[in-house]
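Trainee: I have a structure I would like to understand better, so I am pasting it below and will then ask my questions one at a time.
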Amino acid sequence: MLRHLKIHRNFKLNGIDYRKDDLKEVAYSLIKEGEAYEKSIGDFLLHWLDDSTIVEVKTSGSTGKPKVIILQKEQMVNSALATADFFGLRPGNSAFLCLPAEYIAGKMMLVRAMMLGLALDFVEPASKPDFREQHYDFCAMVPLQLKNSLDSLTQFRKVIVGGAAVSEDLKSELWELDGHTEVFETYGMTETITHVAVKQVSPESACGTHFKAVSGVRFSIDNRNCLVIDAPRICNQRVITNDLVTLYSDTEFKWLGRFDNVVNSGGVKLSPETIEKKLSTLIGSRFFIAALPDKRLGEKLILVHEGFADTEVLLKKISTIKTLDKFEIPKAVYCLPRFRETANGKIKRSTTLRMIKR
């Protein structure tokens, strides 16, 4: 029997035990009668429980055009087992799904629950989910959900955060909380079936300041200093990324930014993500660093701010930050009412930037 069809006897969905045939009926009901987010859950459950060995998953489109990727169900099971090993998840543990099931992070929460025997509750994905005043052992969120849920964080034993980098401002807020919740920043993508590396968000982090590989994953870099992922249990081939890193060992790295985001301004190569990290404690609203064409410099470094801001005052404040190199100071600030986003809340940088170029 295929492993993905063996639903763990401890598995529960919204408090109810289900076996394979019962779960199919639930899936049909969600598709027929449920809200949009419930239909997505139902669709995935039906596809998971059929005899096919593959699943089609669409990427979010935050770093390029959305596309469909074929994943092996056997490898998704392996990914779930690696997560269980890293975080110490056991049959009967409780978990919470507040991410859309259209994307890999939401799908994998369902897979983990079915394969590991977790009691999974799900709610409608939102920037501030409804946590039902219950306590859970495990949950996955995006940074925006985490930021909006700090007052509810004590309901969780362990939280993983992915989809975007955790800002320095949010890290500071987490450190100030008086609770026992462990928060982990994750690194991964659809091609790697969610996370392949993890680091804990805390001043005295057990995982250090660098990402560390989960079981069975090894790292190297290419001639661009971009990360190469070797994970034979979850990927048929090595994954060559566009993520610039500092590699410390074959299981540990520091993420620096995206190779395709690098700005070449007057011959000086600048990493927007590195600059954003330095600015994150100064600017409370959402923003990002990008570039516009410039006749003299080739590319001009700019800051794009969500919501109204006094651009002259903001530029003056930025110029006083001692950690910024002179080349890292934006030449201009642009304000937009609202950034363009993917369905799971990631900023679409290129799409948002085109709004300025018009």
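Trainee: Strictly over 29 Å apart at the Cα level, which of LYS39/LYS348; LYS65/LYS107; LYS199/LYS348; LYS147/LYS212; LYS24/LYS346; LYS171/LYS212 would you flag in this model?
Mentor: Correct reply: LYS24/LYS346.
Trainee: OK, next. Suppose every K and R has +1 on its Cβ and every D and E has -1 on its Cβ; what is the size of the dipole of the chain about the Cα centre, in Debye to the nearest 20?
Mentor: That gives a dipole near 1180 debye.
Trainee: Moving on. What is the Rg over Rh value, at two decimals, for the range 14-99, using alpha-carbon atoms and the Kirkwood definition of Rh?
Mentor: A ratio of 0.98.
Trainee: To make sure I understand the rule: partners must be aspartates and glutamates, Cα under 16 Å from the Cα of LYS254, and not fewer than 8 residues away in the same chain. Which ones qualify?
Mentor: Partners within reach: GLU168, GLU185, ASP222, ASP243, GLU273, GLU276.
Trainee: Once Lys and Arg get +1 and Asp and Glu get -1 on their Cβ, which of LEU301, PHE44, LEU150 lies farthest toward the positive end of the dipole of the chain?
Mentor: With unit charges placed on the Cβ atoms, the residue in question is LEU301.
Trainee: Along the charge dipole of the range 181-291, pointing to its positive end and built from +1/-1 on Cβ of Lys, Arg, Asp and Glu, which listed residue (GLN237, GLY257, ILE275) has its Cα farthest out?
Mentor: It is ILE275.
Trainee: If you don't mind, there's one more thing I want to ask. Using the Cα atoms as the points, what is the convex hull volume per residue of the range 137-292 in Å³?
Mentor: Output value, Cα hull per residue: 129 Å³.
Trainee: Would you list the membrane-span-like helices of the chain, meaning whole DSSP H runs whose alpha-carbon atoms span at least 15 Å along their axis and whose mean Kyte-Doolittle value is at least -0.5?
Mentor: Within the chain the helices that satisfy the rule are 36-48, 73-87, 104-116.
Trainee: Sort the range 67-142 into rounded, prolate or oblate with this rule: let a ≥ b ≥ c be the square roots of the eigenvalues of the Cα gyration tensor; rounded if a/c is under 1.5, and if a/c is not under 1.5, prolate when a/b is larger than b/c, oblate otherwise.
Mentor: The shape class here is oblate.
Trainee: The range 128-203: which GluC sites (Glu not before Pro) are DSSP loop and have at most 16 other beta-carbon atoms within 10 angstrom?
Mentor: GLU133
Trainee: Between ILE70 and VAL313, what FRET efficiency comes out of the Förster formula 1/(1 + (r/R0)^6) with R0 = 35 Å and r the beta carbon distance, rounded to 0.05?
Mentor: 0.10
Trainee: Of the candidates ALA332, ALA95, ALA290, which one comes out as most mobile in a Gaussian network treatment of the chain with C-alpha springs shorter than 10 Å?
Mentor: Checking each option, the largest mean-square fluctuation is seen for ALA332.
Trainee: So for the chain, taking the charge dipole from beta-carbon charges (+1 Lys/Arg, -1 Asp/Glu), which of ALA80, CYS226, GLY266 sits furthest toward the positive end?
Mentor: GLY266
Trainee: Can you tell me the length gained on complete extension of the stretch LYS269 to ASN14, counting 0.36 nm per residue apart and subtracting the Cα distance?
Mentor: Gain on extension, LYS269 to ASN14, equals 86.8 nm.
Trainee: Among the lysines, select those whose C-alpha is under 21 Å from the C-alpha of LYS331, and discard any that sit fewer than 8 residues away in the same chain.
Mentor: Hits, sequence-local ones excluded: LYS269, LYS277, LYS278, LYS295, LYS300, LYS316, LYS317, LYS322, LYS357.
Trainee: Using a Gaussian network model on the chain with a 10 Å cutoff between Cα atoms, which of ASP243, ASP137, ASP310 fluctuates the most?
Mentor: Comparing ASP243, ASP137, ASP310 in a Gaussian network model of the chain, the most mobile one is ASP310.
Trainee: Quickly work out the LYS6-to-SER285 label distance, labels modelled 7 Å from Cα along the C-beta direction, and quote it in nm with one decimal.
Mentor: Inter-label distance under the simple model: 5.4 nm.
Trainee: Using only the Cα atoms of the range 284-358, build the gyration tensor, take square roots of its eigenvalues as a ≥ b ≥ c, and label the shape rounded, prolate or oblate: rounded if a/c is under 1.5, else prolate if a/b is larger than b/c, else oblate.
Mentor: Oblate, since a/c reaches 1.5 and b/c is not below a/b.
Trainee: Of the candidates VAL217, VAL198, VAL268, which one comes out as most mobile in a Gaussian network treatment of the chain with C-alpha springs shorter than 10 Å?
Mentor: VAL268
Trainee: Okay, next question. Can you tell me the Rg and Dmax of the range 1-148, counting just the alpha carbons, in angstroms?
Mentor: Rg, Dmax (Cα atoms, Å): 14.6, 43.
Trainee: Could you size up the charge dipole of the range 186-300 around its Cα centre, putting +1 on the beta carbon of Lys and Arg and -1 on that of Asp and Glu, and report it in debye to the nearest 20?
Mentor: 240
Trainee: Okay, next question. Based on Cβ point charges of +1 for Lys and Arg and -1 for Asp and Glu, what charge dipole magnitude is obtained for the range 257-300 about its Cα centre, in debye rounded to the nearest 20?
Mentor: Roughly 100 debye for the range 257-300.
Trainee: What is the spin-label model distance, in nm, from GLU56 to ASP230 if the labels are put 7 Å beyond Cα along the C-beta direction?
Mentor: For the pair GLU56/ASP230, the computed spacing is 3.4 nm.
Coordinate-derived values only; no laboratory data. Predicted model, so just to flag it, every value in this text is computed and none were measured. In this analysis, Cβ positions are derived from the backbone assuming ideal geometry, glycine residues included, and neighbour counts consider all displayed protein chains.
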